[in-house]
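Novice: Following this message is one structure expressed as structure tokens.
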């Protein structure tokens, strides 16, 4: 399996994603420049990494959506290709319309960088098949705009179609306000599209990809992908 990692001006988690995917993939990962106008045919999954694309000017992800490569990413996704948006990548996915809703300023209005607990609500996706249903994943967040918001009808649709993959919870798996770090509606931390090939999540699995970093729990997401593709 081969991953393609898009690099925007302001990306700062691209090398983290490169390191994590190279640890689990039998093939080398490849960087894709934001001005590229084509995606290599051997790419199986595209990662939109975290960071501050274009300095987060105007609105997080709002400028990145117009990068030449994003037209190719949208086409790639619509043809069934796997796309994983992490943090700023999730913001870009909502801006380009591959996922519904938007990411707003954290409820506290502060940038938050810490470990959080996530409850796996859907382990039938290509990204979570290595997890047990209800399993708790502990990985970091690092964002100022991670507050997921969507219209009530969209939230109901996401809930009804089991498309909310991760929710913030406490260490015992309880989903409550105290375990919500940013004010996201329904404690939403990650969602998937209806077809199941596009996932957006605010926490960073790539930052916990080696025990020397404190944990390698995040690798289970990438192993899940490899087992499914």
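Novice: From the list 192, 229, 188, exactly one residue is touching a strand residue (DSSP E or B) at 6+ places or on another chain (Cβ under 9 Å), crowded, with 20+ Cβ neighbours inside 10 Å and closer than 21 Å to residue 21 by Cβ. Which is it? Outline the logic, then answer.
Specialist: Details: 229 fails: crowded, with 20+ Cβ neighbours inside 10 Å; 188 fails: closer than 21 Å to residue 21 by Cβ.
So the residue among 192, 229, 188 that is touching a strand residue (DSSP E or B) at 6+ places or on another chain (Cβ under 9 Å), crowded, with 20+ Cβ neighbours inside 10 Å and closer than 21 Å to residue 21 by Cβ is 192.
Novice: Now a separate question. Out of region 9-39, which residues are touching a strand residue (DSSP E or B) at 6+ places or on another chain (Cβ under 7 Å), within 23 Å of residue 80 (Cα to Cα) and in a loop (DSSP other than H, G, I, E, B)?
Specialist: Hits for region 9-39 are 25, 29, 34, 39.
Novice: Just to be sure, is residue 126 assigned to a strand (DSSP E or B) and either touching a residue at least 60 places away in the same chain (Cβ under 8 Å) or within 26 Å of residue 44 (Cβ to Cβ) (or both)?
Specialist: Considered against the rule, which asks whether it is assigned to a strand (DSSP E or B) and either touching a residue at least 60 places away in the same chain (Cβ under 8 Å) or within 26 Å of residue 44 (Cβ to Cβ) (or both), residue 126 comes out as no.
Novice: Being touching a helix residue (DSSP H, G or I) at 6+ places or on another chain (Cβ under 8 Å) and under 29 Å from residue 4 (Cβ atoms): is that true of residue 195 here?
Specialist: Values: touching a helix residue (DSSP H, G or I) at 6+ places or on another chain (Cβ under 8 Å): no; under 29 Å from residue 4 (Cβ atoms): yes.
For residue 195, the condition - touching a helix residue (DSSP H, G or I) at 6+ places or on another chain (Cβ under 8 Å) and under 29 Å from residue 4 (Cβ atoms) - is not met.
Novice: Taking region 53-85, which residues are assigned to a loop (DSSP other than H, G, I, E, B) and surrounded by fewer than 21 Cβ atoms within 10 Å (Cβ to Cβ)? Spell out how you get there, then give the answer.
Specialist: The initial filter retains those residues of region 53-85 that are assigned to a loop (DSSP other than H, G, I, E, B), namely 57-63, 67, 79-81.
Across region 53-85, the qualifying residues are 57, 58, 59, 62, 63, 79, 80, 81.
Novice: Taking region 129-139, which residues are in contact with a strand residue (DSSP E or B) (Cβ under 9 Å, 6 or more places away or on another chain) and either in a loop (DSSP other than H, G, I, E, B) or surrounded by 21 or more Cβ atoms within 10 Å (Cβ to Cβ) (or both)? First the steps, then the outcome.
Specialist: Of the residues in region 129-139, the ones in contact with a strand residue (DSSP E or B) (Cβ under 9 Å, 6 or more places away or on another chain) are 131-139.
Passing the criteria: 131, 132, 133, 134, 135, 137, 139.
Novice: Which ones in region 91-112 are touching a strand residue (DSSP E or B) at 6+ places or on another chain (Cβ under 9 Å), within 21 Å of residue 36 (Cβ to Cβ) and not in a loop (DSSP other than H, G, I, E, B)?
Specialist: If we filter region 91-112 for residues that are touching a strand residue (DSSP E or B) at 6+ places or on another chain (Cβ under 9 Å), which is where we start, we get 91-95, 98-107, 111-112.
Now drop any that are not within 21 Å of residue 36 (Cβ to Cβ), which leaves 91-93, 95, 98.
Across region 91-112, the qualifying residues are 91, 92, 93, 95.
Novice: Then there's this: Quick one: would you say residue 158 is under 23 Å from residue 102 (Cβ atoms) and part of a helix (DSSP H, G or I)?
Specialist: Values: under 23 Å from residue 102 (Cβ atoms): yes; part of a helix (DSSP H, G or I): yes.
In short, yes.
Novice: For residue 43, which of the numbered conditions (1) at pLDDT 95 or above; (2) surrounded by fewer than 16 Cβ atoms within 10 Å (Cβ to Cβ); (3) in a loop (DSSP other than H, G, I, E, B) fails to hold?
Specialist: In the conditions (1) at pLDDT 95 or above; (2) surrounded by fewer than 16 Cβ atoms within 10 Å (Cβ to Cβ); (3) in a loop (DSSP other than H, G, I, E, B), residue 43 misses (2) alone.
Novice: Please go through (1) over 30 Å from residue 215 (Cβ atoms); (2) exposed (fewer than 14 other Cβ atoms within 10 Å of the Cβ) for residue 28 and return the number of the only condition it doesn't satisfy.
Specialist: It is condition (1) that residue 28 fails.
The values are calculated or read from the model by the stated rules, or taken from the named source; none is laboratory data. Note that the coordinates shown come from a computational prediction; the quantities given were computed from them, not determined experimentally. Methodologically, a virtual Cβ is constructed for each residue, glycine included, from the backbone with ideal geometry; neighbour enumeration extends over all protein chains shown.
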